[in-house]
1. Among the residues of the stretch B:168-198 satisfying the criterion of being within 13 Å of chain A (Cβ to nearest Cβ) and modelled with pLDDT under 95, which is farthest from B:LYS315 (Cα to Cα)?
2. With the condition kept exactly as written, say whether any residue in the stretch B:80-96 is assigned to a strand (DSSP E or B), of a type outside the set (Ser, Thr, Tyr), touching a His at 6+ places or on another chain (Cβ under 9 Å) and assigned by TED's automatic domain parsing to the domain that holds B:VAL122.
3. Pull up the stretch B:298-322, narrow it to residues that are within 17 Å of B:ILE166 (Cα to Cα) and not hydrophobic (A, V, I, L, M, F, W, C), then point me to the one that is nearest to the other protein chains (Cβ to nearest Cβ).
4. Restricting to the stretch B:245-298, name every residue that is of a type in the set (Lys, Arg), in contact with a helix residue (DSSP H, G or I) (Cβ under 8 Å, 6 or more places away or on another chain) and under 22 Å from B:SER213 (Cα atoms).
5. Would you pick out the residues in the stretch B:90-135 that are touching a Ser or Thr at 6+ places or on another chain (Cβ under 8 Å) and among the aliphatic types (A, V, I, L, M)?
6. Quick check on this structure: which one of B:ILE162, B:ILE250, B:ILE266 is closer than 28 Å to B:GLY361 by Cα, of a type in the set (A, V, I, L, M) and within 14 Å of another protein chain (Cβ to nearest Cβ)?
7. When the residues of the stretch A:52-73 are narrowed to those that are outside any helix (DSSP H, G or I) and of a type in the set (Gly, Ala, Ser), which ends up nearest to the other protein chains (Cβ to nearest Cβ)?
8. Looking at B:GLU355 and the list (1) away from every other protein chain (no Cβ under 14 Å); (2) within 23 Å of B:ASP227 (Cβ to Cβ), which single condition is not satisfied?
Amino acid sequence: MFAYRIDQNEDEVVVVFEGDLDIDSSEVLEEDILPVVSEYPNIRLNFGEVYFVDSSGIGLIIRTVDELREGGRSVKIQNVRPEVLEVFELLQIREILGEEVFE
Amino acid sequence: MSILIVDDSMMNLAYFKQVLSEAGYSAIETASSAEQALERLGMSGGRVPRKAAAFDLILLDIVMPDMDGIEACRLIKECPPYTDLPIIFLTGDRRHFKEAFGAGGMDFIEKGAPEYELLARVQSAIRLKKETDIRKSREIGLVKELQLAKRVQKTVLPPPMIEPGIEIHAQYIQSDEVSGDMFYWTRIDDKRCGVMLIDVAGHGLSSALISMSVRSLLDGMVKRISDPSEVCLELNKQVCSLFGGSRDSIYLTAIYLLIDQEAREIRYFNAGHPPGLFFQTDRKAHYLENTGVPLGIRKTIEGASGVFHYEGSGKILLYTDGLVETPRQSIRAGIGQLEQYASRIRYLPNDRFTEKLAVLGQGKSDDVCIVSIQLN
(Lines give C-alpha, C1' and ligand atoms only; values in the text may rest on other atoms or scores of the structure.)
Protein backbone atom coordinates (compact mmCIF):
# COMPACT_ATOMS: atom_id res chain seq x y z
CA MET A 1 0.00 0.00 0.00
CA PHE A 2 1.32 3.43 -0.93
CA ALA A 3 -0.43 6.76 -0.54
CA TYR A 4 0.59 10.38 -0.30
CA ARG A 5 -0.56 13.81 0.77
CA ILE A 6 0.68 17.11 -0.59
CA ASP A 7 0.80 20.23 1.59
CA GLN A 8 1.57 23.37 -0.38
CA ASN A 9 2.28 26.91 0.61
CA GLU A 10 3.80 29.83 -1.20
CA ASP A 11 7.25 28.62 -2.15
CA GLU A 12 7.42 25.23 -0.50
CA VAL A 13 5.67 21.93 -0.95
CA VAL A 14 5.72 19.01 1.45
CA VAL A 15 4.94 15.51 0.22
CA VAL A 16 4.01 13.13 2.99
CA PHE A 17 4.44 9.55 1.85
CA GLU A 18 2.48 6.81 3.52
CA GLY A 19 3.12 3.10 3.21
CA ASP A 20 5.76 1.05 1.42
CA LEU A 21 7.97 2.55 -1.23
CA ASP A 22 8.61 -0.13 -3.85
CA ILE A 23 8.21 -0.84 -7.56
CA ASP A 24 4.44 -0.29 -7.34
CA SER A 25 4.92 3.26 -6.06
CA SER A 26 6.85 4.42 -9.11
CA GLU A 27 3.79 5.22 -11.23
CA VAL A 28 2.17 7.31 -8.51
CA LEU A 29 5.40 9.14 -7.83
CA GLU A 30 6.18 9.89 -11.44
CA GLU A 31 2.75 10.59 -12.82
CA ASP A 32 0.90 12.13 -9.89
CA ILE A 33 3.45 13.60 -7.51
CA LEU A 34 6.35 14.84 -9.62
CA PRO A 35 4.32 17.08 -11.95
CA VAL A 36 2.80 18.86 -8.93
CA VAL A 37 5.91 19.30 -6.82
CA SER A 38 8.25 20.31 -9.62
CA GLU A 39 6.40 23.63 -9.79
CA TYR A 40 7.93 24.62 -6.45
CA PRO A 41 11.49 25.77 -5.75
CA ASN A 42 11.62 23.97 -2.37
CA ILE A 43 10.45 20.45 -1.90
CA ARG A 44 10.35 18.39 1.27
CA LEU A 45 9.80 14.67 1.15
CA ASN A 46 8.42 13.50 4.47
CA PHE A 47 9.13 9.83 5.18
CA GLY A 48 7.49 9.79 8.61
CA GLU A 49 4.83 7.30 7.51
CA VAL A 50 7.06 5.10 5.35
CA TYR A 51 7.82 1.79 7.01
CA PHE A 52 9.59 -0.09 4.24
CA VAL A 53 11.68 0.82 1.21
CA ASP A 54 12.96 -1.96 -1.03
CA SER A 55 15.78 -1.83 -3.58
CA SER A 56 13.48 -0.50 -6.31
CA GLY A 57 12.21 2.15 -3.89
CA ILE A 58 15.78 3.27 -3.21
CA GLY A 59 16.36 3.63 -6.95
CA LEU A 60 13.16 5.63 -7.18
CA ILE A 61 14.19 8.05 -4.43
CA ILE A 62 17.59 8.64 -5.99
CA ARG A 63 16.13 9.25 -9.43
CA THR A 64 13.44 11.57 -8.09
CA VAL A 65 15.87 13.71 -6.10
CA ASP A 66 18.35 13.79 -8.99
CA GLU A 67 15.71 14.90 -11.48
CA LEU A 68 14.30 17.60 -9.25
CA ARG A 69 17.74 18.97 -8.47
CA GLU A 70 18.72 18.92 -12.12
CA GLY A 71 15.67 21.14 -12.62
CA GLY A 72 17.12 23.58 -10.09
CA ARG A 73 14.88 22.58 -7.18
CA SER A 74 16.00 22.21 -3.58
CA VAL A 75 15.00 18.85 -2.13
CA LYS A 76 15.05 17.73 1.49
CA ILE A 77 14.23 14.35 2.93
CA GLN A 78 12.89 14.36 6.46
CA ASN A 79 11.51 12.19 9.29
CA VAL A 80 12.99 8.92 8.12
CA ARG A 81 12.01 6.09 10.46
CA PRO A 82 14.82 4.09 12.09
CA GLU A 83 14.15 0.83 10.23
CA VAL A 84 14.12 2.67 6.89
CA LEU A 85 17.21 4.64 7.86
CA GLU A 86 19.08 1.36 8.25
CA VAL A 87 18.33 0.50 4.64
CA PHE A 88 19.34 4.02 3.58
CA GLU A 89 22.60 3.59 5.42
CA LEU A 90 23.29 0.17 3.96
CA LEU A 91 22.79 1.56 0.46
CA GLN A 92 24.53 4.80 1.41
CA ILE A 93 21.94 7.20 0.18
CA ARG A 94 23.65 10.00 2.13
CA GLU A 95 26.86 9.48 0.23
CA ILE A 96 24.96 9.29 -3.05
CA LEU A 97 22.69 12.32 -2.60
CA GLY A 98 24.82 14.36 -0.24
CA GLU A 99 24.34 15.20 3.45
CA GLU A 100 22.51 18.41 2.62
CA VAL A 101 19.46 16.47 1.41
CA PHE A 102 18.78 15.08 4.87
CA GLU A 103 17.42 17.01 7.80
CA MET B 1 -15.36 -23.83 -34.17
CA SER B 2 -16.83 -27.05 -33.01
CA ILE B 3 -20.05 -27.44 -31.03
CA LEU B 4 -21.41 -30.56 -29.34
CA ILE B 5 -25.19 -30.68 -28.84
CA VAL B 6 -26.48 -33.19 -26.30
CA ASP B 7 -30.21 -33.92 -26.11
CA ASP B 8 -32.28 -37.09 -25.90
CA SER B 9 -34.87 -35.66 -28.26
CA MET B 10 -34.02 -36.17 -31.90
CA MET B 11 -36.29 -33.32 -32.80
CA ASN B 12 -34.43 -30.88 -30.54
CA LEU B 13 -31.08 -32.05 -31.88
CA ALA B 14 -32.24 -31.49 -35.43
CA TYR B 15 -33.64 -28.06 -34.61
CA PHE B 16 -30.53 -26.71 -32.85
CA LYS B 17 -28.28 -28.17 -35.48
CA GLN B 18 -30.24 -26.52 -38.22
CA VAL B 19 -30.31 -23.09 -36.58
CA LEU B 20 -26.58 -23.18 -35.92
CA SER B 21 -25.75 -24.46 -39.42
CA GLU B 22 -27.77 -21.74 -41.00
CA ALA B 23 -25.89 -19.20 -38.88
CA GLY B 24 -22.63 -20.49 -40.35
CA TYR B 25 -21.42 -22.95 -37.72
CA SER B 26 -20.17 -25.91 -39.70
CA ALA B 27 -18.60 -28.34 -37.24
CA ILE B 28 -21.57 -29.52 -35.23
CA GLU B 29 -21.75 -32.88 -33.55
CA THR B 30 -24.68 -34.38 -31.71
CA ALA B 31 -25.07 -36.90 -28.91
CA SER B 32 -28.40 -38.34 -27.78
CA SER B 33 -27.37 -39.08 -24.20
CA ALA B 34 -24.96 -37.85 -21.53
CA GLU B 35 -23.07 -41.14 -21.78
CA GLN B 36 -22.61 -40.66 -25.52
CA ALA B 37 -21.38 -37.10 -24.91
CA LEU B 38 -18.79 -38.32 -22.39
CA GLU B 39 -17.65 -40.88 -24.93
CA ARG B 40 -17.11 -38.11 -27.52
CA LEU B 41 -15.02 -36.27 -24.96
CA GLY B 42 -12.90 -39.36 -24.32
CA MET B 43 -14.26 -39.60 -20.80
CA SER B 44 -16.27 -42.81 -20.81
CA GLY B 45 -15.63 -45.13 -17.87
CA GLY B 46 -14.24 -42.24 -15.83
CA ARG B 47 -11.17 -41.80 -18.04
CA VAL B 48 -9.30 -38.50 -18.15
CA PRO B 49 -8.15 -37.88 -21.72
CA ARG B 50 -4.60 -36.64 -22.15
CA LYS B 51 -5.71 -34.10 -24.71
CA ALA B 52 -9.05 -32.36 -24.91
CA ALA B 53 -11.33 -33.21 -27.84
CA ALA B 54 -11.65 -30.18 -30.10
CA PHE B 55 -14.92 -28.69 -28.88
CA ASP B 56 -15.43 -25.00 -28.17
CA LEU B 57 -18.89 -25.32 -26.67
CA ILE B 58 -21.36 -27.87 -25.39
CA LEU B 59 -25.12 -27.32 -25.51
CA LEU B 60 -26.46 -29.69 -22.87
CA ASP B 61 -30.02 -30.78 -22.16
CA ILE B 62 -30.80 -31.20 -18.46
CA VAL B 63 -33.57 -33.79 -18.30
CA MET B 64 -32.40 -37.02 -19.91
CA PRO B 65 -32.90 -40.69 -19.00
CA ASP B 66 -29.96 -42.34 -17.16
CA MET B 67 -27.41 -39.61 -16.48
CA ASP B 68 -28.89 -36.10 -16.49
CA GLY B 69 -27.23 -32.97 -17.86
CA ILE B 70 -26.30 -31.57 -14.47
CA GLU B 71 -24.34 -34.66 -13.50
CA ALA B 72 -22.68 -34.75 -16.92
CA CYS B 73 -21.74 -31.07 -16.59
CA ARG B 74 -20.19 -31.69 -13.18
CA LEU B 75 -18.10 -34.57 -14.54
CA ILE B 76 -16.93 -32.59 -17.55
CA LYS B 77 -15.99 -29.52 -15.48
CA GLU B 78 -14.05 -31.68 -13.04
CA CYS B 79 -12.05 -33.22 -15.85
CA PRO B 80 -8.82 -31.15 -16.16
CA PRO B 81 -8.68 -30.84 -19.98
CA TYR B 82 -12.23 -29.43 -19.99
CA THR B 83 -12.29 -26.97 -17.11
CA ASP B 84 -12.44 -24.07 -19.58
CA LEU B 85 -14.92 -25.65 -21.99
CA PRO B 86 -18.13 -23.60 -21.78
CA ILE B 87 -21.37 -25.49 -21.24
CA ILE B 88 -24.75 -23.95 -21.98
CA PHE B 89 -27.80 -25.73 -20.63
CA LEU B 90 -30.87 -26.30 -22.75
CA THR B 91 -33.88 -26.26 -20.51
CA GLY B 92 -37.51 -25.54 -20.28
CA ASP B 93 -37.60 -25.37 -16.52
CA ARG B 94 -36.18 -22.57 -14.40
CA ARG B 95 -36.23 -24.76 -11.31
CA HIS B 96 -33.07 -26.44 -12.58
CA PHE B 97 -31.04 -23.23 -12.78
CA LYS B 98 -29.53 -23.13 -9.33
CA GLU B 99 -28.20 -26.66 -9.58
CA ALA B 100 -27.17 -26.18 -13.19
CA PHE B 101 -25.02 -23.13 -12.44
CA GLY B 102 -23.66 -24.86 -9.36
CA ALA B 103 -22.45 -27.69 -11.58
CA GLY B 104 -20.40 -25.24 -13.66
CA GLY B 105 -22.78 -24.28 -16.46
CA MET B 106 -22.00 -20.82 -17.82
CA ASP B 107 -25.35 -19.96 -19.36
CA PHE B 108 -28.73 -21.39 -20.33
CA ILE B 109 -31.03 -21.27 -23.31
CA GLU B 110 -34.71 -21.78 -22.74
CA LYS B 111 -36.24 -24.19 -25.14
CA GLY B 112 -38.55 -22.25 -27.39
CA ALA B 113 -36.51 -19.06 -27.06
CA PRO B 114 -36.12 -17.05 -30.27
CA GLU B 115 -33.24 -17.96 -32.57
CA TYR B 116 -31.40 -14.66 -32.09
CA GLU B 117 -31.15 -15.37 -28.37
CA LEU B 118 -29.70 -18.82 -28.99
CA LEU B 119 -27.18 -17.41 -31.45
CA ALA B 120 -26.16 -14.50 -29.24
CA ARG B 121 -25.48 -16.80 -26.30
CA VAL B 122 -23.59 -19.29 -28.41
CA GLN B 123 -21.50 -16.56 -29.95
CA SER B 124 -20.46 -14.99 -26.66
CA ALA B 125 -19.62 -18.39 -25.13
CA ILE B 126 -17.40 -19.24 -28.09
CA ARG B 127 -15.70 -15.86 -28.01
CA LEU B 128 -14.90 -16.34 -24.34
CA LYS B 129 -13.51 -19.80 -25.02
CA LYS B 130 -11.25 -18.48 -27.78
CA GLU B 131 -9.93 -15.72 -25.57
CA THR B 132 -9.30 -18.14 -22.73
CA ASP B 133 -7.48 -20.49 -25.11
CA ILE B 134 -5.22 -17.70 -26.34
CA ARG B 135 -4.45 -16.50 -22.84
CA LYS B 136 -3.77 -20.03 -21.61
CA SER B 137 -1.43 -20.86 -24.42
CA ARG B 138 0.45 -17.58 -23.85
CA GLU B 139 0.74 -18.38 -20.17
CA ILE B 140 2.01 -21.86 -20.85
CA GLY B 141 4.53 -20.47 -23.32
CA LEU B 142 5.68 -17.88 -20.81
CA VAL B 143 6.11 -20.41 -18.02
CA LYS B 144 8.17 -22.64 -20.32
CA GLU B 145 10.33 -19.71 -21.37
CA LEU B 146 10.90 -18.74 -17.76
CA GLN B 147 11.86 -22.25 -16.76
CA LEU B 148 14.32 -22.38 -19.61
CA ALA B 149 15.72 -18.98 -18.64
CA LYS B 150 16.12 -20.21 -15.08
CA ARG B 151 18.13 -23.22 -16.25
CA VAL B 152 20.29 -21.03 -18.48
CA GLN B 153 20.92 -18.70 -15.57
CA LYS B 154 21.95 -21.56 -13.31
CA THR B 155 24.45 -22.86 -15.84
CA VAL B 156 26.63 -19.77 -15.44
CA LEU B 157 26.99 -20.32 -11.70
CA PRO B 158 30.31 -21.91 -10.76
CA PRO B 159 30.41 -25.38 -9.17
CA PRO B 160 31.77 -25.63 -5.60
CA MET B 161 35.51 -25.03 -5.27
CA ILE B 162 37.12 -27.69 -3.11
CA GLU B 163 40.87 -27.38 -2.65
CA PRO B 164 43.24 -28.06 0.25
CA GLY B 165 43.38 -24.47 1.57
CA ILE B 166 39.94 -23.26 0.54
CA GLU B 167 36.39 -24.44 -0.06
CA ILE B 168 33.56 -22.38 -1.55
CA HIS B 169 29.93 -23.46 -1.58
CA ALA B 170 26.75 -21.55 -2.40
CA GLN B 171 22.99 -21.76 -2.28
CA TYR B 172 20.72 -20.06 -4.75
CA ILE B 173 17.06 -19.63 -3.85
CA GLN B 174 14.94 -17.92 -6.49
CA SER B 175 11.63 -16.32 -5.60
CA ASP B 176 10.57 -15.71 -9.19
CA GLU B 177 11.54 -18.00 -11.98
CA VAL B 178 14.66 -15.94 -12.55
CA SER B 179 16.45 -13.48 -10.33
CA GLY B 180 19.00 -10.70 -10.23
CA ASP B 181 21.18 -12.38 -7.64
CA MET B 182 24.36 -13.95 -8.91
CA PHE B 183 27.60 -15.29 -7.50
CA TYR B 184 30.89 -15.90 -9.17
CA TRP B 185 34.28 -17.20 -8.20
CA THR B 186 37.44 -18.06 -10.00
CA ARG B 187 41.00 -19.03 -9.31
CA ILE B 188 43.19 -16.19 -10.53
CA ASP B 189 46.56 -17.85 -10.03
CA ASP B 190 48.22 -20.45 -7.74
CA LYS B 191 47.68 -18.41 -4.63
CA ARG B 192 44.73 -16.09 -5.33
CA CYS B 193 40.98 -16.52 -5.78
CA GLY B 194 38.34 -13.94 -6.57
CA VAL B 195 34.81 -14.32 -5.14
CA MET B 196 31.90 -12.03 -5.96
CA LEU B 197 28.24 -11.81 -5.02
CA ILE B 198 25.95 -9.32 -6.72
CA ASP B 199 22.32 -8.34 -6.29
CA VAL B 200 20.64 -6.31 -9.01
CA ALA B 201 17.94 -3.98 -7.66
CA GLY B 202 14.41 -5.10 -8.48
CA HIS B 203 13.16 -8.57 -9.31
CA GLY B 204 12.43 -10.94 -12.11
CA LEU B 205 13.30 -10.84 -15.76
CA SER B 206 14.81 -7.38 -16.08
CA SER B 207 17.08 -7.92 -13.08
CA ALA B 208 18.11 -11.30 -14.44
CA LEU B 209 19.00 -9.77 -17.81
CA ILE B 210 21.19 -7.22 -16.10
CA SER B 211 22.90 -9.74 -13.87
CA MET B 212 23.61 -12.01 -16.84
CA SER B 213 25.17 -9.21 -18.83
CA VAL B 214 27.32 -8.22 -15.85
CA ARG B 215 28.29 -11.86 -15.43
CA SER B 216 29.67 -11.95 -18.94
CA LEU B 217 32.13 -9.18 -18.04
CA LEU B 218 33.48 -10.70 -14.86
CA ASP B 219 35.87 -13.37 -16.12
CA GLY B 220 37.86 -10.97 -18.22
CA MET B 221 37.73 -8.19 -15.65
CA VAL B 222 38.73 -10.15 -12.56
CA LYS B 223 41.58 -11.95 -14.28
CA ARG B 224 42.89 -8.76 -15.84
CA ILE B 225 42.78 -6.36 -12.92
CA SER B 226 41.87 -8.47 -9.85
CA ASP B 227 42.53 -5.70 -7.29
CA PRO B 228 39.21 -4.87 -5.56
CA SER B 229 39.49 -1.09 -5.88
CA GLU B 230 40.01 -1.35 -9.58
CA VAL B 231 37.41 -4.07 -10.10
CA CYS B 232 34.95 -1.83 -8.28
CA LEU B 233 35.74 1.19 -10.48
CA GLU B 234 35.66 -0.85 -13.66
CA LEU B 235 32.42 -2.61 -12.79
CA ASN B 236 30.79 0.72 -11.96
CA LYS B 237 31.98 2.16 -15.25
CA GLN B 238 30.64 -0.82 -17.19
CA VAL B 239 27.23 -0.80 -15.48
CA CYS B 240 26.94 2.97 -16.06
CA SER B 241 27.85 2.69 -19.70
CA LEU B 242 25.64 -0.34 -20.34
CA PHE B 243 22.54 0.90 -18.55
CA GLY B 244 23.17 4.59 -17.91
CA GLY B 245 20.83 5.56 -20.74
CA SER B 246 17.86 3.84 -19.14
CA ARG B 247 15.07 5.87 -17.62
CA ASP B 248 14.76 3.33 -14.83
CA SER B 249 17.30 3.46 -12.07
CA ILE B 250 19.41 0.40 -12.65
CA TYR B 251 22.00 -0.39 -10.06
CA LEU B 252 23.42 -3.31 -8.20
CA THR B 253 25.04 -4.00 -4.89
CA ALA B 254 28.11 -6.19 -4.86
CA ILE B 255 30.72 -7.63 -2.57
CA TYR B 256 33.99 -8.90 -3.97
CA LEU B 257 36.86 -10.60 -2.17
CA LEU B 258 40.34 -11.19 -3.46
CA ILE B 259 41.76 -13.94 -1.30
CA ASP B 260 45.51 -14.38 -1.19
CA GLN B 261 46.13 -17.77 0.41
CA GLU B 262 49.90 -17.33 0.58
CA ALA B 263 49.89 -13.94 2.29
CA ARG B 264 46.71 -15.02 4.18
CA GLU B 265 45.26 -11.67 3.24
CA ILE B 266 41.85 -10.66 1.95
CA ARG B 267 41.20 -7.47 0.06
CA TYR B 268 37.60 -6.61 -0.67
CA PHE B 269 35.09 -4.01 -1.70
CA ASN B 270 31.52 -3.85 -0.53
CA ALA B 271 29.35 -1.62 -2.71
CA GLY B 272 26.12 -1.09 -0.79
CA HIS B 273 25.81 -4.77 0.01
CA PRO B 274 24.87 -6.21 3.43
CA PRO B 275 28.08 -6.86 5.40
CA GLY B 276 29.93 -10.11 4.84
CA LEU B 277 30.53 -12.03 8.07
CA PHE B 278 33.95 -13.44 8.85
CA PHE B 279 34.05 -16.10 11.55
CA GLN B 280 37.47 -17.00 12.86
CA THR B 281 38.01 -19.66 15.48
CA ASP B 282 36.86 -18.45 18.87
CA ARG B 283 36.46 -14.86 17.78
CA LYS B 284 33.48 -12.63 17.38
CA ALA B 285 32.32 -12.22 13.80
CA HIS B 286 34.12 -9.54 11.85
CA TYR B 287 31.81 -7.45 9.63
CA LEU B 288 32.92 -6.65 6.10
CA GLU B 289 31.06 -3.35 5.99
CA ASN B 290 30.47 -0.99 3.09
CA THR B 291 33.45 0.53 1.37
CA GLY B 292 31.41 2.44 -1.19
CA VAL B 293 28.09 3.18 -2.86
CA PRO B 294 26.15 0.69 -5.03
CA LEU B 295 27.33 0.36 -8.62
CA GLY B 296 25.69 2.02 -11.61
CA ILE B 297 24.28 5.05 -9.76
CA ARG B 298 27.13 7.53 -9.98
CA LYS B 299 29.60 7.79 -12.85
CA THR B 300 32.40 8.80 -10.52
CA ILE B 301 33.02 6.82 -7.36
CA GLU B 302 35.96 6.50 -5.01
CA GLY B 303 36.64 2.81 -5.40
CA ALA B 304 37.73 2.33 -1.81
CA SER B 305 38.52 -1.14 -0.52
CA GLY B 306 39.24 -2.90 2.74
CA VAL B 307 41.84 -5.41 3.79
CA PHE B 308 42.25 -7.89 6.61
CA HIS B 309 44.38 -10.88 7.46
CA TYR B 310 43.50 -14.28 8.73
CA GLU B 311 45.25 -16.93 10.74
CA GLY B 312 44.17 -20.50 11.20
CA SER B 313 40.86 -21.49 9.77
CA GLY B 314 37.63 -19.57 9.40
CA LYS B 315 34.55 -19.02 7.33
CA ILE B 316 33.42 -15.99 5.39
CA LEU B 317 29.67 -15.77 4.82
CA LEU B 318 28.28 -13.64 2.01
CA TYR B 319 24.53 -13.32 1.37
CA THR B 320 22.02 -11.11 -0.37
CA ASP B 321 19.60 -8.90 1.56
CA GLY B 322 16.71 -11.30 0.94
CA LEU B 323 18.11 -13.50 3.70
CA VAL B 324 18.03 -10.80 6.38
CA GLU B 325 15.34 -8.36 5.27
CA THR B 326 11.78 -8.53 6.55
CA PRO B 327 9.61 -5.65 5.36
CA ARG B 328 8.93 -3.08 8.09
CA GLN B 329 11.49 -4.62 10.42
CA SER B 330 15.07 -3.73 11.22
CA ILE B 331 17.52 -5.18 8.71
CA ARG B 332 20.34 -4.77 11.25
CA ALA B 333 18.40 -7.00 13.62
CA GLY B 334 18.05 -9.50 10.78
CA ILE B 335 21.81 -9.42 10.22
CA GLY B 336 22.37 -9.88 13.97
CA GLN B 337 20.14 -12.94 14.01
CA LEU B 338 21.94 -14.39 11.01
CA GLU B 339 25.28 -13.79 12.72
CA GLN B 340 24.11 -15.58 15.87
CA TYR B 341 22.77 -18.58 14.02
CA ALA B 342 25.72 -18.83 11.62
CA SER B 343 28.14 -18.50 14.51
CA ARG B 344 26.48 -21.40 16.27
CA ILE B 345 26.83 -23.70 13.28
CA ARG B 346 30.14 -22.39 11.93
CA TYR B 347 32.05 -25.60 12.62
CA LEU B 348 29.87 -27.61 10.26
CA PRO B 349 31.43 -28.72 6.98
CA ASN B 350 31.12 -25.87 4.50
CA ASP B 351 28.47 -27.46 2.28
CA ARG B 352 26.29 -28.41 5.28
CA PHE B 353 26.76 -24.89 6.63
CA THR B 354 25.28 -23.32 3.48
CA GLU B 355 22.47 -25.88 3.37
CA LYS B 356 21.46 -25.06 6.95
CA LEU B 357 21.49 -21.34 6.21
CA ALA B 358 19.44 -21.87 3.05
CA VAL B 359 16.57 -23.05 5.22
CA LEU B 360 16.37 -19.47 6.57
CA GLY B 361 15.96 -18.26 3.00
CA GLN B 362 13.03 -20.53 2.15
CA GLY B 363 9.66 -18.87 1.85
CA LYS B 364 11.09 -15.35 1.64
CA SER B 365 9.52 -13.08 -0.93
CA ASP B 366 12.91 -11.95 -2.24
CA ASP B 367 15.62 -13.91 -4.03
CA VAL B 368 18.33 -15.25 -1.76
CA CYS B 369 21.94 -16.15 -2.45
CA ILE B 370 24.34 -17.53 0.14
CA VAL B 371 28.06 -18.04 -0.41
CA SER B 372 30.39 -19.51 2.19
CA ILE B 373 34.16 -19.58 1.93
CA GLN B 374 35.98 -21.99 4.22
CA LEU B 375 39.60 -21.01 4.76
CA ASN B 376 42.01 -23.58 6.20
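The values are calculated or read from the model by the stated rules, or taken from the named source; none is laboratory data. The structure presented is a predicted model; accordingly, all values stated were derived computationally and were not measured. Using ideal geometry, Cβ is built from the backbone for each residue, glycine included, and neighbour counts are taken over all protein chains shown.
1. Initial filter on the stretch B:168-198 (within 13 Å of chain A (Cβ to nearest Cβ)): B:175-176, B:179-181, B:198.
Within this subset, residues satisfying the condition of being modelled with pLDDT under 95 are B:175-176, B:179-181.
Numbers: B:SER175: 26, B:ASP176: 29, B:SER179: 26, B:GLY180: 25, B:ASP181: 21 Å.
Restricting to residues being within 13 Å of chain A (Cβ to nearest Cβ) and modelled with pLDDT under 95, the top hit is B:ASP176.
2. So far as the stretch B:80-96 goes, yes, one or more of its residues are assigned to a strand (DSSP E or B), of a type outside the set (Ser, Thr, Tyr), touching a His at 6+ places or on another chain (Cβ under 9 Å) and assigned by TED's automatic domain parsing to the domain that holds B:VAL122.
3. Keep residues of the stretch B:298-322 that are within 17 Å of B:ILE166 (Cα to Cα), which gives B:308-318.
Then keep just the ones that are not hydrophobic (A, V, I, L, M, F, W, C); that gives B:309-315.
On the way: B:HIS309: 26, B:TYR310: 25, B:GLU311: 29, B:GLY312: 30, B:SER313: 29, B:GLY314: 24, B:LYS315: 22 Å.
The residue in question is B:LYS315.
4. Listed by number, the list holds a single entry, B:ARG298.
5. B:ALA100, B:ILE109 - these are the residues of the stretch B:90-135 that are touching a Ser or Thr at 6+ places or on another chain (Cβ under 8 Å) and among the aliphatic types (A, V, I, L, M).
6. Numbers: B:ILE162 fails: within 14 Å of another protein chain (Cβ to nearest Cβ); B:ILE266 fails: within 14 Å of another protein chain (Cβ to nearest Cβ).
Result of the check over B:ILE162, B:ILE250, B:ILE266: B:ILE250.
7. Taking the stretch A:52-73 and keeping what is outside any helix (DSSP H, G or I), we get A:52-54, A:71-73.
Narrowing further to those that are of a type in the set (Gly, Ala, Ser): A:71-72.
Numbers: A:GLY71: 16, A:GLY72: 20 Å.
Applying the filter and picking the extreme gives A:GLY71.
8. Just one mismatch for B:GLU355, condition (2).
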